Structures are given as C-alpha cells and as structure tokens.
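Working notes for the structure below.
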Amino acid sequence: MTLDAAARRRLGRALTRLANASVDDVLALAADEPGTRARRIGVTGPPGAGKSSLVGRLATRRSQGAEVGVLAIDPTSPRTGGAILGDRIRMDELAGAHEIFVRSLASRSAADGLADNLPELLAAMDAAGFDEVLVETVGVGQVEHAVRALVDTLVLVTVPGSGDFVQAMKAGLVEVADLIVVNKADLPGAAQAAAEIRRALALVPQARGARPPVLLASIQDPASIAALSLAIDEHQRAGPAGPTQRRTDCARYRLKSLIERRAGEIVRALPDDAFDRPLAEQYARAVAQFAVSGSPSNPRGA
Ligand SMILES: Nc1nc2c(ncn2[C@@H]2O[C@H](COP(=O)(O)OP(=O)(O)OP(=O)(O)O)[C@@H](O)[C@H]2O)c(=O)[nH]1
Ligand SMILES: [Mg+2]
C-alpha cells in the first residue's frame, strides 16, 4: 500500500480534526478500543539531540519493506500558541523526497508534552493502513514517561558531553527506554559517553527486564542508522510488552489524559470569586463539575 495524493490529503484532514478535537468530541467519536495495528516506535530526547534527523533517516530506511508514517510533535510556544516550524520544514523535505507520510503536531494543551488526542491520532494511522509509525516527542519533562504507554519500542537519544544523560537518569528515564542512542557520534567524546552510559546502566535496576543496548549514531554514517534500525527490529521481535499489555497501557493513558484535560478546562472556567472560598470548598466545587455535565462549555455544568 502506498497512499496516493488524495488519500494523503484525506488522512491529513482527519488528523487535523482529531488533533483539534475537544474532550467531548473524543468521547462522542472515538472508538472504544485504542488502535493497536501498526508497530509504534517512539524517539525521545532533549531539544536539539538530533531526533528529527534520526527519525527522517530511520523512516527512509524502514520504508523499504513497510509502509512507514511519522508523527512529530513540536513544542507549542506558550506565547503565540503556534508550533515551532523547524521539524515541519525538515520533515516535509523528507516527505517530498521519499513519499513518506509525515505529520507535525503541536503539543497544545497536553501537559505531558505529547499532542492532544495522540491515541486517536495513532488509531487513525492504524486505520489508514500503516505498518509502522515513528513518533518524535518534544524533549521536555515527563513526556518520555507518557509516550512509553503508547509505543512498543522507545528510543532515547542523547548527545556526547551534554550532561543530558545524567538528567535522564535522574528523571528515571533510562528505566523505561528500550534503546539508548548516543547521537552525533561524529563529534568528539561519543565512544566515551557510550561507555559511561553502559557503566551507569549496570547500576540501575531495569523496570522492563533487559538493560537497553547503547548504540552510537550519526547522520553522517549510514551504517550507524542501519545498526539502529536492526536493533529496533530485534527489540520488536523480542515482543516488547505484548498486545494485551499495550492495549491496557494505551487505554489507561487515554483516559487519564482526557480527565486531566477536562480538569484543566473546569478550573479555567471557574469564576474568579470561586477562589475566595476555602480551598476544600473550591476543590469540591470543581470536582462536582465532572458529575454535573463533565463539560465547562455546557451551561448545565456552569
Ligand atoms: N554533527 C552532527 N549534527 C547533527 C546530527 N544529527 C543532527 N544534527 C544537527 O543537530 C541539529 C538539531 O537536529 P534535529 O534533528 O532538529 O534535532 P531534534 O532533536 O529533532 O531537535 P528538536 O526537535 O528541536 O528538539 C541540526 O542542526 C542537525 O543538523 C549528527 O549526527 N551529527
Ligand atoms: Mg525535532
């Protein structure tokens, strides 16, 4: 299957609708079962680590035997509300060159740095017939833990000499990564950084069984991209969490993120004088909104 131009446009429109869907829209429209057809590979790591460059090359390589799509999440600027367009430009060039379906998504209100309604967006990619979806996350805060619930294989990208890895260790991130990539390995210190990471990993108890392999990669070295792609295949073959566990993880994430979004809407909709009351009363009033209508935009809930 290769999507023709019309199918791409249709999918693009469907993704836009889903990305902008309110909590109520999702409740009304979404399938009960989150989709689980395509393989899902998450690529995460700090800003500028080379995630987009790596995803681009991986997608090109992996699309030789399978239909591969990319969802790339851009940070939404808190000031303008617009996503930074860097990824879009880089990725669109890639898409044009190799006919890979690439979609940039703004992280919008999602508190975890993923895009709103990402489970629905992934389900739409499943329905469109992709065999594999690469998800590039925004590299901040707790996003890595959130994306863990939605992908089978999670690749953590770091760069030599940045101190990123120490931060990632502190955040407990290495415990959830399946593969660790020291990227920009053409820069000095990469091999040493990989050795340090391996030493550090030996001291960390792994939440998910085996210790993640540590690989070097560089966009200047096609063999390193091939090796990374193979390591992803190996992890996929090892049968990451199993389809039942994945469905449960995804369903749990989906419900939690909808409730969190609704909670934010409800708090924003409370009148200013609501906050003059004792805290316990403010809390009870906000929680009661869930029961009334679930929707702050619905007058019944006001
Ligand atoms: N030397 C070197 N530079 C690289 C490599 N990969 C990416 N870069 C450069 O690093 C910069 C950031 O690359 P991106 O791919 O945009 O990184 P990113 O992690 O997607 O960045 P954000 O999405 O903004 O967080 C760009 O200037 C790339 O050209 C590499 O292997 N070696
Ligand atoms: Mg990027």
Please list 64-72, 276-284, 37-45, 15-23 highest first by mean number of surrounding beta-carbon atoms within 10 Å per residue.
37-45, 64-72, 15-23, 276-284
Between Ala195 and Asp233, Cβ-based FRET efficiency (R0 25 Å, step 0.05) works out to 0.50
Once fully extended, how much extra length lies between Arg247 and Ala202, figured as 0.36 nm per residue of separation less the alpha-carbon to alpha-carbon distance?
13.2 nm
Tell me which of Thr244, Pro271, Gln192 sits at the most positive position along the dipole axis of region 185-277, charges placed on C-beta atoms (Lys, Arg +1; Asp, Glu -1).
Thr244
Per the rule of 0.36 nm per residue minus the C-alpha distance, extending Asp276 to Gln64 adds in nm 70.2 nm
Segments 194-204, 214-224, 173-183 sorted - mean Cβ within 10 Å per residue, highest first:
173-183, 214-224, 194-204
Expressed in nanometres to one decimal, the distance between label points 7 Å along Cα→Cβ at Arg211 and Asp186 is 3.0 nm
Please find the FRET efficiency linking Leu29 to Glu99, where r is the Cβ-Cβ separation and R0 is fixed at 41 Å, and quote it to the nearest 0.05.
0.90
What residues qualify as long-range amide H neighbours of Val157, i.e. H under 5 Å apart, gap of 5 or more or another chain, H built at 1.01 Å from N?
Thr44, Gly45, Val181
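Any read-out appearing in this document is the output of simple, stated calculations on the displayed coordinates, not a laboratory observation. Bear in mind that the values here come from a model prediction, so they are computed numbers and not experimental data. Note that we place each Cβ from the backbone using ideal geometry, even for glycine, and neighbour counts take in every protein chain shown.
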